[in-house]
Amino acid sequence: MKTKVLVVDDSAYTRQTMKKIIEEDASLEVAGIASDGIDAMAKVLRLRPDIITLDFEMPNMDGFSFLRWLMRERPTPVIMVSSHADSRTVFRALELGAADFIAKPTRRASTELQTIEKDLIRKIKGIKNVRLDILSRNLELLEKEEEPGEQKQIRTGRRAVDMVAVGSSTGGPAALQIILTRLPSDFSAAMVISQHMPKGFTGPMAERLDRMCPLRIREAADGDTITRGTVYICPGGFHLGLKKHEEGKQITLREGKLTEKYIPSVDHMMSSVAESYGPAAMGVILTGMGNDGKQGMLEIKKQGGYTIAESEETAVVFGMPGEAIKNGAVETILPLQEIPAQIVRIVNTPKIRGRA
């Protein structure tokens, strides 16, 4: 049976472009198109789509109002379609229950449309596995301050960590916010993050998280020298690695290619962290579709580093953490709300004497 998609957008060009892209895949069908939120409400009730692609700037009823109605009346996985200029609305929409987003197609370069086509089809196919109940619970966590209570103590018999590498995809922005807002200002390691996200969106995400969190959070730039207590988010469209430098370790960025499945690549980042930091590295794999990160997590573990995967009970999509677990790359499996405390426990462990 084909997956039914409802396309909601006030731009006739975008509607037709999206319809053409979706219908080129034999397993998908466009059940209907809608030009505003009111039209979309009627078509949701009549057509009962499996997935909705949703624009936010629309007449009569905007995307935010429609999304609130949808998640209350008939929860359905939603992929936002947003231009770079609307990047701030992306994070608000994710907090209202949208599962993922893609960049809005334009009439510009054909290479851009190729990128959008690949991204859209992959996300539509993967988003069928989104757990909307878990997404809703995780969004509730964003509204809560961490409550003090008894935390599960996980014995590891080791060591301080100098670098934490975090990989995430679908459901990742909320998961990252939950973790980063719960790390203390005296966090003694550096952190690098690869979140599957298009160009133009990671900068605003880093700025937003920086305002919310005790740590310094920034979009990584090529040549940045790694500093403790700083979080570096890989720019969309690039892969992040590390190299040794006379002043310490530096970030290297390489532009992704259309032929590559995952951009940014969690595997590339984590493998580089494993090589640079060895047993002083930690890998954390969060919610996301696909298997990016399973090899990089294994490299960190092989080098004596510590690895954590988000558990199935809280992962919006259990693809990435599930694949890393099956690959034997994971030392500890934890629900999302317990991951920040475990990261802090390991990172702030006093160094073993004689260790660099």
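Assorted remarks:
- GNM flexibility winner over the chain from 80, 71, 297 (Cα, springs under 10 Å): 71
- Using a Förster distance of 30 Å, the FRET efficiency for residue 20-residue 88 (Cβ separation, nearest 0.05): 0.55
- Overall form of segment 235-356 per C-alpha gyration tensor (a/c, 1.5; a/b vs b/c): oblate
- Taken about its Cα centre, the chain carries a charge dipole of about 720 debye when Lys and Arg each add +1 at the Cβ and Asp and Glu each add -1 at the Cβ.
- Each peptide in 121-133, 92-104 was scored by the mean count of other Cβ atoms within 10 Å over its residues; highest first, the order is 92-104, 121-133.
- Linear extension gain, residue 302 paired with residue 61, 0.36 nm per residue minus alpha-carbon span: 81.5 nm
- Close amide H partners of residue 283, meaning residues 5 or more places away or on another chain with modelled amide H under 5 Å apart, are 165, 306, 307, 308.
- Alpha carbon Rg of the chain, scaled by the compact-globule rule 2.2 N^0.38 Å: 0.99
- As a proxy for reagent exposure, 89, 53, 17 were ordered by neighbouring Cβ count within 10 angstrom, fewest first; the result is 89, 17, 53.
- Rounded, prolate or oblate (a/c below 1.5 giving rounded, otherwise prolate when a/b exceeds b/c) for segment 3-129 by Cα gyration tensor: rounded
- Once the Cα atoms are used to define both axes, helix 87-96 deviates from the longest principal axis of the chain by about 90 degrees.
- Computed E for residue 46/residue 186 - FRET, C-beta separation, R0 41 angstrom, nearest 0.05: 0.15
- For segment 3-129: relative contact order, % (alpha-carbon pairs under 8 angstrom, 6 or more apart): 23 percent
- Proximal lysines to residue 19, defined as alpha-carbon separation beneath 24 angstrom and excluding residues fewer than eight positions away on the same chain: 2, 4, 43, 104, 118, 123, 125, 128, 199, 261
Each reported figure results from applying straightforward, stated rules to the coordinates on display, with no laboratory input. Just so you know, these numbers come straight off a predicted model, no measurement behind them. Every residue, glycine among them, receives a Cβ derived from its backbone with ideal geometry; neighbour counts consider all protein chains shown.
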